[in-house]
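To keep things clear, I will list the structure first and then write my remarks on it.
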Amino acid sequence: MKTYLVTGAAGFIGANFLKYILKLHTDIKVIVLDCLTYAGNLGTIKEDINDSRVIFIKGDIKDNDLVKKIFDDYHIDYVVNFAAESHVDRSIENPQLFLETNILGTQNILENAKKSWMNGQDKNGYPLYREGVKFLQISTDEVYGSLSKDYNEAIDLKLENEDLKNIAKDRKLQTYGETFFTEKTSLDPRSPYSSSKAGSDFVILAYAETYKLPVNITRCSNNYGPYHFPEKLIPLMIKNVLEGKTLPVYGDGKNVRDWLYVEDHCKAIDIVLRNGALGEVYNVGGFNEEQNIEIVKLVIDTIKKLVEENAEYRKVLKTEIENINYDLISYVQDRLGHDRRYAIDPTKIATELGWFPETNFENGIKKTIVWYLENQEWCNEVASGDYQKYYDKMYGENI
Ligand code: NAD
Ligand code: DAU
């Protein structure tokens, strides 16, 4: 039986991962550590923490005494570190918090894992560790910086590699550029958020090199799906459309992101945890590039269709159906230092570990919107508290 320490599991991807592994593996124990910032919501995982295999601990990854006690009290085999400040716009407002949580918090877990797992030294003085342990960092494609956008319109993407054909399956692949992020791409972060994530990646690689700590890093593209906090593009647009509110699109709306359904990211994490070669970095993404403005239009169109077809969903609307149209879109001031394009090359994880995404974008976005329509209680809960204050400060009270 494996015992996991999963940090940040009350947030978007961590919660989805917790649900995913509880369904997939019967013989596991999971210690959840989360300090419940604005982005963490215990309601998201209330059923999961009632599961006899799960123990929830409210606390900070920077708290040395607490993290040490967790390693003393439980026989941790795997650490999966999701805990982070994750929103780029907030990092522009408060960079220090991002450096503290994302770099120092990560280093605190690494150090405690090293001390707890060490069971000797080799003849050169390198630590030796208990068999089967691993630290997995959930990093991001943003550490690689920004790619050039070479085409105004998306072009078809043809894959040469046979092993990559599963990535495509039933989907038409497209791209806006000639280049992609591979694991060999130099790190070139450009926001306080991405620099803090790159900082933590460097610290982890340093622990792997200097102390031979067994680690992996995954670097994934933009996730979407259930339990996504409505400060990020897709859930914010869903929330605003349902309320008939303006949809703020930064700059010219033509920045490109590479979208992956969250459960496909969870699948990749589980595969890397169990089968990833020690010390390796794996990029995760499904060749699903799109411009922000197209995403926003797709959200509008999909919601409109769903509410037209289903009377129950119409009850969720705080506006008339006629108001659900592209007039809701408003181009607003661009994000400072806004990265133009992200695009992941997942060849390594696909060919070495056999990972491929299960959910195409059309189905994923529909599933996601249906989830929001059917889980308004969750949406209202997370949007209480400081959410409105954040929203007014970020977008201005009139938008
Ligand atoms: P999120 O903001 O939704 O959740 C973060 C969680 O971490 C919250 O539950 C929060 O309470 C917790 N947390 C924050 N600071 C903490 C601290 N000091 N101690 C303990 N818990 C703390 O984030 P997310 O979108 O789920 O992202 C999870 C991880 O995945 C992050 O590390 C992020 O960098 C990475 N990532 C995210 C995406 C994406 O598209 N969302 C893509 C690639 C990688
Ligand atoms: O690429 C992975 C990263 O994706 C993760 O590491 C981050 O944690 C996650 O937040 C996400 O970062 P982005 O900045 O790409 O995501 P966000 O949803 O904030 O923005 C997506 C795009 O939409 C980006 O180009 C900015 C734009 N945008 C965003 C918001 C919130 C808008 O145009 N309007 C908005 O209101």
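The values are calculated or read from the model by the stated rules, or taken from the named source; none is laboratory data. On a predicted model such as this, the values are computed, not experimentally measured, just so you know. Don't worry about glycine lacking a Cβ; one is built from the backbone with ideal geometry, like all the others, and counts go over all protein chains shown. Each accessible area value is taken on the protein alone, full model and side chains, heavy atoms only, with ligands, DNA and RNA left out. Shrake-Rupley method; radii C 1.70, N 1.55, O 1.52, S 1.80 Å.
Of the residues N161, N166, the single one that is open to solvent by 20 Å² or more (accessible area, probe 1.4 Å) and within 20 Å of N363 (Cα to Cα) is N166.
Residue-by-condition table, conditions (1) in contact (Cβ under 8 Å) with a residue 12 or more places away in the chain; (2) closer than 30 Å to Y4 by Cα; (3) not acidic (D, E):
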position: P248; (1), (2), (3): yes, no, yes
position: V262; (1), (2), (3): yes, yes, yes
position: K267; (1), (2), (3): yes, yes, yes
position: D270; (1), (2), (3): yes, yes, no
position: G279; (1), (2), (3): yes, yes, yes
position: I295; (1), (2), (3): yes, no, yes
position: D301; (1), (2), (3): no, no, no
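Residues in the range 204-230 that are buried (at least 21 other Cβ atoms within 10 Å of the Cβ) and in contact with a His (Cβ under 9 Å, 6 or more places away or on another chain): T218, C220, S221, N223, G225. Tell me which of these A84 doesn't satisfy, since it passes every other one: (1) among the hydrophobic types (A, V, I, L, M, F, W, C); (2) over 17 Å from C266 (Cβ atoms); (3) within 21 Å of the chain's Cα centre (by Cα). Condition not satisfied by A84: (2). Going by the conditions given, is S186 within 23 Å of V284 (Cβ to Cβ), more than 9 Å from ligand 2 (Cβ to nearest atom) and surrounded by 23 or more Cβ atoms within 10 Å (Cβ to Cβ)? Here the answer is no, as S186 does not meet what is asked.
Among the residues of this structure, I28 does not count as one that is within 24 Å of V133 (Cβ to Cβ), out of contact with any Lys or Arg (no Cβ under 6 Å at 6 or more places or on another chain) and more than 9 Å from ligand 1 (Cβ to nearest atom). Hey, could you check the range 125-166 for residues that are assigned to a loop (DSSP other than H, G, I, E, B) and touching a Ser or Thr at 6+ places or on another chain (Cβ under 6 Å) and say which is nearest to F202 (Cα to Cα)? Only one residue fits best here, namely L147. When only residues in the range 22-31 that are surrounded by fewer than 24 Cβ atoms within 10 Å (Cβ to Cβ) and touching a helix residue (DSSP H, G or I) at 6+ places or on another chain (Cβ under 9 Å) count, which is farthest from Y224 (Cα to Cα)? The qualifying residue farthest from Y224 (Cα to Cα) is I28. Exactly one residue among Y313, Y372 is over 30 Å from G145 (Cβ atoms), in contact with a Cys (Cβ under 9 Å, 6 or more places away or on another chain) and open to solvent by less than 50 Å² (accessible area, probe 1.4 Å), and that residue is Y372.
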